[in-house]
1. Among residues belonging to region 42-67 that are assigned to a loop (DSSP other than H, G, I, E, B), surrounded by fewer than 19 Cβ atoms within 10 Å (Cβ to Cβ) and more than 17 Å from the chain's Cα centre (by Cα), point out the one that is farthest from the ligand (Cβ to nearest atom).
2. Looking at Ala109, Ala94, Ala119 in this structure, which one is more than 15 Å from the ligand (Cβ to nearest atom), over 21 Å from Ser198 (Cα atoms) and in a helix (DSSP H, G or I)?
3. Condition first: part of a strand (DSSP E or B), out of contact with any Asp or Glu (no Cβ under 8 Å at 6 or more places or on another chain) and farther than 26 Å from Phe282 by Cα. Now tell me which residues in region 97-106 satisfy that.
4. Based on what the data block shows, is Gln295 assigned to a helix (DSSP H, G or I), surrounded by fewer than 15 Cβ atoms within 10 Å (Cβ to Cβ), polar (S, T, N, Q) and at pLDDT 95 or above?
5. Would you be able to tell me the number of residues in region 68-90 that are more than 16 Å from the ligand (Cβ to nearest atom) and touching a Cys at 6+ places or on another chain (Cβ under 6 Å)?
6. Tell me whether region 30-39 contains one or more residues that are in contact (Cβ under 8 Å) with a residue 24 or more places away in the chain and in contact with a Ser or Thr (Cβ under 8 Å, 6 or more places away or on another chain).
7. Confirm whether Asp126 is modelled with pLDDT under 95 and either over 23 Å from Gly211 (Cα atoms) or within 16 Å of the ligand (Cβ to nearest atom) (or both).
Amino acid sequence: MDWIDLRSDTVTRPTAAMREAMLRAEVGDDVYGEDPTVNALQQRLADELGFEAGLFAPSGTQANLLALLAHCQRGDEYVVGMDAHTYKYEGGGAAVFGSIQPQPIVHAADGTLPLEVVAQAIKPHDPHFARTRLLCLENTWHGRPLPHDYLREARALCDRHGLALHLDGARLYNAAVADGVAPRAIARHFDSVSVCLSKGLGAPVGSVLLGTRALVGEARRWRKVAGGGMRQAGLLAAAGLHALDHHVARLADDHRRAAQLAAALGDVPGIAVAGQHTNMLFIDVPAERLAALRQHMDAASIRLSIGYAPRVRLVTHLDIGDADIAHVVQAFHAFARAG
Ligand SMILES: *Cc1c(COP(=O)(O)O)cnc(C)c1O
């Protein structure tokens, strides 16, 4: 059975052309720094995003962890959103592996961290307090690109207080395509950026951390410690390079389909569209109807993200076409009629 899987953009499978590229990849031992395809991927992203160096990591969670470990020492602190991936969804890795304390901040309605609240959270130099070292942002935020003015102001705040600024840019390319800017126009505000190749870009595995040569050197050391040193990883890096060549401009198709889905579901009785940005759509369904919704969608071979958050999430991606969107809209109308 072929599922229409809207749970996440992580579910994409490598295309035939991507598999070909992986087969053809030249490889070497990347722990020795000798895999030419990994080196090419790291260099390409560093050049594209305006950094000195890059480091291929097996996951976005690890790329963010390496950034935290490279920026912060034991007893340091990072300021981060209450619902941010780098705080809430990474198993507390910074605390577990780095003895780094998070200082979570409540998000504004648009997902930003109010900078006056961030400023208040920065601790004075005093042995009572952890040393505030880093601010972490996430772009896109639940699909929403962060405003460029906000990024500029966040950079200025960090400069005033001597903090480093890290971006969890799992979906940085979605933000760039939606904003109609080069990805480096976003990345330039940050000291380090992590980018996921395995989300909307459609690679099976992999993220890249970008930063200065010194920061990436430190991150490389922690990657080995964390067990993330991979050997002939060029097979995977080749998928990433293919994704960057062929799957960036088409993110606009995902955004268009998510918008079409939002518009169509807005007409379905009992479904409230709570928001749609780039490739993500959130809907509200009465809590007592959620189990029925899951059952109904299962029967229609549709998977949605139900039950992880208060809202139902639908994410468009490489493996979702126009016919799939039409099928999903029909399924929602049938669900409304059945209720
Ligand atoms: C997916 C994701 C990550 C990294 O996730 P992995 O599954 O570890 O690759 C980090 N941040 C955000 C916002 C994400 O969506």
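The values are calculated or read from the model by the stated rules, or taken from the named source; none is laboratory data. Quick caveat, the model's predicted, so the values are computed rather than measured. Note that each Cβ is placed from the backbone with ideal geometry, even for glycine, and that neighbours are counted across all protein chains shown.
1. So, considering only residues that are assigned to a loop (DSSP other than H, G, I, E, B), surrounded by fewer than 19 Cβ atoms within 10 Å (Cβ to Cβ) and more than 17 Å from the chain's Cα centre (by Cα), the one farthest from the ligand (Cβ to nearest atom) is Glu52.
2. It is Ala119.
3. none
4. yes
5. Number of matching residues: 0.
6. No, there is no match, as no residue in region 30-39 is in contact (Cβ under 8 Å) with a residue 24 or more places away in the chain and in contact with a Ser or Thr (Cβ under 8 Å, 6 or more places away or on another chain).
7. no
To keep it simple, each residue is scored yes or no on (1) over 17 Å from Arg44 (Cα atoms); (2) within 14 Å of the ligand (Cβ to nearest atom); (3) of a type in the set (A, V, I, L, M).
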{"site": "Arg188", "(1), (2), (3)": "no, no, no"}
{"site": "Ser194", "(1), (2), (3)": "no, yes, no"}
{"site": "Leu215", "(1), (2), (3)": "yes, no, yes"}
{"site": "Ala219", "(1), (2), (3)": "yes, no, yes"}
{"site": "Val225", "(1), (2), (3)": "yes, no, yes"}
